[in-house]
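Since the structure comes first, as structure tokens, the remarks are kept for the end.
The values are calculated or read from the model by the stated rules, or taken from the named source; none is laboratory data. All figures in this text were calculated on a predicted structure; none of them were measured in a lab. Positions of Cβ are generated from backbone atoms using ideal geometry, with glycine treated the same way; all protein chains shown enter the neighbour counts. Accessible surface is based on the protein model in full, side chains and every heavy atom, while ligands, DNA and RNA are left aside. Shrake-Rupley method; radii C 1.70, N 1.55, O 1.52, S 1.80 Å.
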Amino acid sequence: MTTKARRVLSLAARLGAPGLAVLSLGCGALVQSPYTETEPGLPLPGLSESEQEAFAAGQGLFNRPFAPEDGLGPFFNQDRCGSCHDLPTSGGHGAEPVTKVSRFDPIEGCSTLPEHGSGLLRMVATESARAMGLGAERIPPGTTALSEMRAPAVFGLGLVERIAEDDIIRSADPDDADGDGISGRPNLDADGRAGRFGRKAQHATLESFIEEAIRLEMGITTPSHPVEETHNGIPLPEGVDAVPDPEVGAGEIDLLVEYIRFLAPPKAVLPEDAEVRADIEEGERIFEFMGCDACHTPSFTTSASDTPALDRKRFRLYSDLLLHDMGPELADICTPGTSPSEWKTARLVGLAHRSEFLHNGRAQRISDAILLHGGEAAAARDVFQRLTDQARDQVLAFLRSL
């Protein structure tokens, strides 16, 4: 879909009632379809009784502290998923940074330094590991980028998972064939599937995304990776971890997947004041005028699903889920197949609940995050800089409502 077409659809959606999308049924007939969203931390509307039970059980596991006798460690960052996803509530973003490293060479490409670990430094050691003289992992030799990153919210990811792959790929324009300066591309996994989770869109499925977090952040082995990670590339000494592998089974992974799959996206935060609402609406129009919606696609509709709560649901996202070159201003770590300056378009839904912005939380204000955009986003950034103070304030009011 072209940028112009997306803007026309966005304008059509705005002509409906607030919070409603407009869908054509042919012959000129229009019907309003409500966005799927609710208060942060709540499940998707319309879950069956068994799905609600799975959501509750998964939420309990998500927020349960693990101990070394449960398989935690011997090297980890936090003892439960909820430690990194708790703002403003369970499933939200986190304040605790984690340290990621990589090496990038223009000829050889990206390496997450597997010979020295996993690319994620684990900073906490269990008592048994400390007794053997082992502590936090160190920055590997050959590192060219180090970044402290804060975990994003996982609200609405089940809907993201149900976006048809064609709906993601059709927005890609890797060679900028239309000449608009924007050349997003999908990040394909080893099976050729378009990635949609992770800062670099390196995961195509929720299961892969969640399994990696458990394994690397918490040091817990899983059925697909039943061998403990190394310590800075060095195999663990005998006896440092006595829990049989894998330390969690497929059932636990499934529960966590179901919990995150059924987490609803947060709804817009709209004040009662009519004048402020008018500023938000004008800010949305200016956001589109700036060209921001060329990458921050406002909404998607999920594909057909046997689960009614996920079946053809329209939801706000403000991301095209593609990789874009954001220029040297935002160059940081890389992942295999991506450069330091390539990032998946950030989801803007949920900005109302954040106090730190960009992939690593280094921007304290939304305006600072916009001004750091470069590369494919440079033109939109420059338009923002030329706006009047009032227009800039209206754009920021709109973004703070998401």
Search result, residues across the range 337-376 that are of a type in the set (Gly, Ala, Ser), open to solvent by 20 Å² or more (accessible area, probe 1.4 Å) and in a helix (DSSP H, G or I):
Ala352, Ser367, Gly375
Selection over the range 259-285 where residues are open to solvent by 20 Å² or more (accessible area, probe 1.4 Å), assigned to a helix (DSSP H, G or I) and farther than 22 Å from His93 by Cα yields a count of 10
Consider the range 50-65. How many of its residues are aromatic (Phe, Trp, Tyr) and out of contact with any strand residue (DSSP E or B) (no Cβ under 7 Å at 6 or more places or on another chain)?
1
The range 312-329, residues that are farther than 20 Å from Leu402 by Cβ and free of Cβ contacts under 8 Å to residues at least 60 places away in the same chain:
Arg312, Gly327, Pro328, Glu329
Can you list the helices (runs of 4 or more DSSP H) found entirely within the range 109-192 that contain at least 3 residues being in contact with a Leu (Cβ under 6 Å, 6 or more places away or on another chain), at pLDDT 95 or above and open to solvent by 30 Å² or more (accessible area, probe 1.4 Å)?
none
Can you pull out the residues in the range 195-223 that are more than 21 Å from Asp166 (Cβ to Cβ), part of a loop (DSSP other than H, G, I, E, B) and open to solvent by 40 Å² or more (accessible area, probe 1.4 Å)?
Arg199, Pro223
Selection within the range 99-154 - of a type in the set (Lys, Arg) and in contact (Cβ under 8 Å) with a residue 40 or more places away in the chain
Lys100, Arg103, Arg122, Arg138, Arg150
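Condition test on Val383, is it buried (at least 21 other Cβ atoms within 10 Å of the Cβ), out of contact with any Asp or Glu (no Cβ under 7 Å at 6 or more places or on another chain), touching a residue at least 60 places away in the same chain (Cβ under 8 Å) and aliphatic (A, V, I, L, M)?
For Val383, the condition - buried (at least 21 other Cβ atoms within 10 Å of the Cβ), out of contact with any Asp or Glu (no Cβ under 7 Å at 6 or more places or on another chain), touching a residue at least 60 places away in the same chain (Cβ under 8 Å) and aliphatic (A, V, I, L, M) - is not met.
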